[in-house]
Amino acid sequence: MVYLENHTYEIESHEHISFYLLVVVMELTQIATHSLLYPNWRNLKLCPKKDCWNHKQRSGNGNSFNLKKMKSFVIREKDGGRGGGNGSSSSSSSNTEVIETVVIEKPKLPIFQVFEGNPMPFGATAKDGGVNFAVHSSGAVSATLCLISLSDLQENRVTKKIHLDPLLNKTGDVWHAFLKGDFENMLYGYMFDGKFSPEEGHCYDSSRILLDPYAKAVVSRGEFGALGPEENCWPQMAGMVPASSDEFDWEGDLPLMNPQRDLVIYEMHVRGFTRHDSSRSNFPGTYLGVVEKLDHLKELGVNCIELMPFQEYNELEYFSYNSVLGNYKLNFWGYSTINYFSPMLRYSSAGIRNCGQDAINEVKILVREAHKRGIEVLMDVVFNHTAEGNEKGPTLSFRGVDNSVYYMLAPKGEYYNYSGCGNTFNCNHPVVRQFIVDCLRYWVEEMHVDGFRFDLAAILTRSSSLWDAVNVYGNSIEGDSLTTGTPLGSPPLIDMISNDPILRRVKLIAEAWDTGGLYQVGMFPHWGIWSEWNGKYRDIVRQFIKGTDGFSGAFAECLCGSPNLYQGGRKPWNSINFVCAHDGFTLADLVTYNNKHNLANGEDNNDGETHNNSWNCGQEGEFASLSVKRLRKRQMRNFFLCLMVSQINYFRWDKKEESSNDFFRFCCLMTKFRQECESLGLDDFPTADRLQWHGHSPGVPDWSETSRFVAFSLIDSVKGEIYLAFNTSHLPVTVSLPERPGYRWEPLVDTSKPAPFDFLSDDVPEKATAITQFSHFLDANMYPMLSYSSIILLLTPEEDID
C-alpha cells in the first residue's frame, strides 16, 4: 500500500522480486499518464529494509511479504483520501479502481554459445563468426572467462561468467574457448583459481578479474588524469573483444625501409608534444595532435620519430598531492606498462569510445600519415618490468595469470629487481619470450611500426627463473650452472627476434644496460642487426664540449662512429649517438645547470639522472648575464653540430630546444647539410684515404691530456672537401688550414657568430660581406676561432671566388 498525495494505492504481488528491481522497473516504465495525473509518482517512497516492503508500516494490516522475483504488479486507486474510509487495505473491487497492470520483464542476459575452442593463437581472436579466447596459466586449477559490458564495467560488475571445463577447454597449460553471440560493447577478463603461496611463486586469487596479457585494448578510464568511480586510481580494467568488422584503410601503406645510416630520429612524448596551448592543436596531447605537427618535423629534417612508451599504463599509479605546486603527481613518462599489446587509450581523442577500437585507429592514422611524409615510426618498449611492481604492488594481469612464469623470482618467491622498479620480466622463459615476439610482430604487422627501442635491454639477455639448458636448448650442457639473472652470450629471446623473418627487417635498438650493473655498450648480442644507445658517446661529448681535459682522443673516436666499440662485424650506424634524451638534462638544461633542481615535482630532488656532466657556462640557473646566455647558445650549437658531423645516423632531441627560432633554423640547416654530404653517413668507418686529423697546424693533431682542440678534413664526393674544428678551450685560437693549391677555404658554419651568420646559407643577407671580413685570414690560409666554438669550412676553387 502506498500513498500519493491524498490517494491510496495498492500493489498486488503476483510473484516476488527484489526491491531494487521494482524501483528500476518503475523508473524504466516511465508511465507518462500517471506522471501527469500524480506528480508525486516519482517520489514514491518504499521501506528501506533490504529486499522487503513491510505493509504493516504503511497500512496497519500486519501483512508483509518479500518482493523477490515479482513478475508483475497491479496498481489500484482506493476510494477516499489518505486515511479516509475504514482504513482497510482491502483490494475488493467495491472500493478500488484498477489504474494499470505493469508486467515486469526480466532483463535478458546476453546468450552465448560456448564451444571447445583452440589453444592458439593466444588472446581474443575474431574468426568463423565468433571469438576464440586462449590464455596460458600453468598453475591454475580452474579458469573463468568474464564477459563485461561497458556499462557493467563502470559498476564493477560481471555481465556473464563462463566457467571453462578443464577436460574440454584446456590443452596443456592453455585455457581456451570459442564463443558465438552478440559482442557489441562487450569486454572481457579472466578469473583463475589455484594455490596462493607467494613464497612458492603462486599468486592465484579467484576473486580478481585479470587482464589478458594478449588483450589488444585495455578499457577503464577514458580521460587522462581523471579518477575512476569513487575516486579510485585503479578502477577495474577489461580487454576489448575484437570484431571481424574492425578494418582500417591503410591506403596502400608499405614499410619505408629507410637505410639506418640516413635516419635522423626525433624522440617524442605523444602527450607532451602538443599538450600545451601554444601548440594550437585541434587535438592537444593525442595521437592526432602529433599528426598535425608532422609537416613541422619534416621541415626540421626529421625522417624518423621515436615515440616514448605509449602502451597502456596508469598515469595515476603514484597519484598523490604535490605540496610544492599545489597539484597532484602523475606518471608522465609511461615507463610502467600494464599491457604491451594495447595502445595508451588516454592518448587518443576517442578515449574508450567503441571499446578502444577508435583509439587503435588513431595510432594507425599517425603511422600512415607519417609514412606519407617519409617519416618512420619507432616505439620505445619496456619489456624489462611491468606496473605490478613487487609483492606490495597491484595484481592486474601477469602476476595473477602466471606469476612464476612472467617474473624473475628468487627461490623463496621474492622478485628480482634488475629494473629498479620492483620486478623483472622473465624474458628468456619459453612462454615469455614467445609472448614478446608475438607482441613485436603485432605492432609491425597490424600497426605498421618500423622498429623498436628496448628500454634497459640488458635485462633481455639475462637467464630466466628456473633456468636450465634443457628448458632452453632441449638438451643438457655439461658444466651448465647458470643461476637466475646470469648474462647469456646467446640469449634465446634476442636469438628469436634476430632470426624472425618479420622482426629482423625492422630497426632494433638496445639501451644496453640495466640498473643491476650490467653494462653492454659495444658488447650487446647483436646478430649483426642490432644498434645500441651509445651512452659512452654522450658522456665523452659532454665532457669535451664543456672543456674537460683528457678527452680529445676519445672525442675523435666518437666523431668516427666509435670504431673502438663497434669494429669487427659492425658498422658506424650500430652506434646510436646522442647527447640528450628523456633521461637526465635536456640540451638547454645541459648548458644552464651544474646540478639538477627537481624540486617542483615534490620528489625532493631524488628523481632524474644525477650524473649529467653539465656546465652552466658561468652562472647557475636561467637568470644569467647576457654574455653567459650567448655562450649557452653557442654551446647548444656546438653540441648539435657535433651530432650532425659524427659518423652516425641518429640524434636525440627534446622539445624544449625549439623555444628559439634561431636555433631551430640552425638545426634545420645542419640537418640538411648532413643529408647532402655523402661522407657523413658512410656504410663503414672512415679511413685515412678520406680523413686527415689536424691540430692548430694542419696534419699535427694534439692528443695530449691538456688538448681541447680537435680538427679534421674529410673528402666528400658531393661537397669536395670539408674542414671541421672544435675549440673547447676558454681561450681563442687562430688555426692554420691545410694547403690546397688553386683553392681557398670558405666559411659555412661558425657557432660563435649570431644568427643568421652562424650558418651562411645562400639566403643570408650580406653573406658576401660577412665572408669578406675574413678575407685577410682566408687569403693567409688561416681562420680565427673564439673560445667554445666550432666551425665548418668548404674548399672552393679560387676562380669561383668573387
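Annotation note: Cβ proximity below 6 Å between a residue of the range 671-686 that is in contact (Cβ under 8 Å) with a residue 12 or more places away in the chain and closer than 9 Å to residue 644 by Cα and a residue that is among the basic types (Lys, Arg) and open to solvent by less than 60 Å² (accessible area, probe 1.4 Å) (sequence gap 6+ or interchain) occurs for 680/674. Going residue by residue through the range 232-255, is there one that turns out to be open to solvent by less than 10 Å² (accessible area, probe 1.4 Å), more than 16 Å from residue 364 (Cβ to Cβ) and among the hydroxyl-bearing types (Ser, Thr, Tyr)? So far as the range 232-255 goes, no, none of its residues is open to solvent by less than 10 Å² (accessible area, probe 1.4 Å), more than 16 Å from residue 364 (Cβ to Cβ) and among the hydroxyl-bearing types (Ser, Thr, Tyr). Which members of the range 676-710 meet the condition of being in a strand (DSSP E or B) and within 23 Å of residue 565 (Cβ to Cβ)? Across the range 676-710, the qualifying residues are 691, 692, 693, 710. Scanning the range 723-740 for residues being open to solvent by 40 Å² or more (accessible area, probe 1.4 Å) and either within 40 Å of the chain's Cα centre (by Cα) or more than 24 Å from residue 547 (Cα to Cα) (or both) gives a total of 2.
Among residues of the range 691-711 that are closer than 11 Å to residue 733 by Cβ and open to solvent by 50 Å² or more (accessible area, probe 1.4 Å), those with a beta-carbon under 9 Å from a residue that is assigned to a loop (DSSP other than H, G, I, E, B) and of a type in the set (S, T, N, Q) at least six positions away or on a different chain give the pairs 708/548; 708/728; 708/729. Test residue 262 against the stated conditions and say whether it is more than 30 Å from residue 677 (Cβ to Cβ) and acidic (Asp, Glu). When the stated conditions are applied, residue 262 does not pass them. Within the range 755-777, being touching a residue at least 40 places away in the same chain (Cβ under 8 Å) and in contact with a helix residue (DSSP H, G or I) (Cβ under 8 Å, 6 or more places away or on another chain) holds for 755, 756, 758, 759, 761. Screening the candidates 229, 259 for the property of being open to solvent by 50 Å² or more (accessible area, probe 1.4 Å), within 30 Å of residue 686 (Cα to Cα) and not assigned by the TED database to the domain that holds residue 373 yields one hit, 259.
Got at least one residue in the range 339-354 being of a type in the set (Ser, Thr, Tyr), in contact (Cβ under 8 Å) with a residue 60 or more places away in the chain, in contact with a Ser or Thr (Cβ under 7 Å, 6 or more places away or on another chain) and surrounded by 23 or more Cβ atoms within 10 Å (Cβ to Cβ)? The answer is yes, given that some residue of the range 339-354 is of a type in the set (Ser, Thr, Tyr), in contact (Cβ under 8 Å) with a residue 60 or more places away in the chain, in contact with a Ser or Thr (Cβ under 7 Å, 6 or more places away or on another chain) and surrounded by 23 or more Cβ atoms within 10 Å (Cβ to Cβ). Remark: residue 421 matches the filter, which requires a residue to be of a type in the set (A, V, I, L, M, F, W, C), assigned to a loop (DSSP other than H, G, I, E, B), assigned by the TED database to the domain that holds residue 461 and open to solvent by 10 Å² or more (accessible area, probe 1.4 Å). Can you pull out every residue in the range 332-366 that is of a type in the set (A, V, I, L, M, F, W, C) and not in a helix (DSSP H, G or I)? The answer is 332, 333, 338, 341, 344, 350, 352.
For the range 753-776, filtering for residues that are open to solvent by 20 Å² or more (accessible area, probe 1.4 Å) and either modelled with pLDDT of 95 or more or in a loop (DSSP other than H, G, I, E, B) (or both) leaves 11. Total residues in the range 283-314 satisfying the condition of being out of contact with any Ser or Thr (no Cβ under 9 Å at 6 or more places or on another chain) and over 28 Å from residue 672 (Cβ atoms): the figure is 1. Take the conditions farther than 24 Å from residue 630 by Cβ, buried (at least 16 other Cβ atoms within 10 Å of the Cβ) and either assigned by the TED database to the domain that holds residue 672 or without any contact (Cβ under 8 Å) to a residue 12 or more places away in the chain (or both) and apply them to residue 720. Does it pass? Judged against the criteria, residue 720 is not a match. Scanning for something within 17 Å of residue 214 (Cβ to Cβ), outside the structural domain of residue 201 (by the TED database) and among the basic types (Lys, Arg), does the range 388-401 turn up at least one residue? Yes. Taking the range 292-331 as the range and being farther than 24 Å from residue 670 by Cα, outside any loop (DSSP other than H, G, I, E, B) and under 17 Å from the mean Cα position of the chain (by Cα) as the test, the residues that pass are 311, 313.
In this structure, residue 413 does not qualify as touching a strand residue (DSSP E or B) at 6+ places or on another chain (Cβ under 6 Å) and either assigned to a loop (DSSP other than H, G, I, E, B) or more than 26 Å from residue 296 (Cα to Cα) (or both). The residues on offer are 317, 299, and the sole one that is surrounded by fewer than 23 Cβ atoms within 10 Å (Cβ to Cβ), out of contact with any helix residue (DSSP H, G or I) (no Cβ under 9 Å at 6 or more places or on another chain) and outside the structural domain of residue 221 (by the TED database) is 317. Screening residue 169 against (1) in the same structural domain as residue 152 (by the TED database); (2) open to solvent by 40 Å² or more (accessible area, probe 1.4 Å); (3) of a type in the set (S, T, N, Q) leaves a single unmet condition, (2). Residue selection: residue 743 fails the criterion of being buried (at least 21 other Cβ atoms within 10 Å of the Cβ) and not basic (Lys, Arg). Assess whether residue 405 counts as being β-branched (Val, Ile, Thr), more than 30 Å from residue 303 (Cα to Cα) and surrounded by fewer than 24 Cβ atoms within 10 Å (Cβ to Cβ). Yes: the conditions hold for residue 405. Scanning the range 276-287 for residues that are in contact with a helix residue (DSSP H, G or I) (Cβ under 8 Å, 6 or more places away or on another chain) and either in a loop (DSSP other than H, G, I, E, B) or in contact (Cβ under 8 Å) with a residue 60 or more places away in the chain (or both) returns 281, 282, 283, 284, 285, 286, 287.
Residue 786 falls short on exactly one of the conditions (1) at pLDDT 95 or above; (2) surrounded by fewer than 15 Cβ atoms within 10 Å (Cβ to Cβ); (3) hydrophobic (A, V, I, L, M, F, W, C), and that condition is (2).
The values are calculated or read from the model by the stated rules, or taken from the named source; none is laboratory data. Please read all numbers here as calculations on a predicted model, not as lab measurements. Note that each Cβ is placed from the backbone with ideal geometry, even for glycine, and that neighbours are counted across all protein chains shown. Remember, those area values only see protein heavy atoms, side chains included, never the ligands or the DNA or RNA. Shrake-Rupley method; radii C 1.70, N 1.55, O 1.52, S 1.80 Å.
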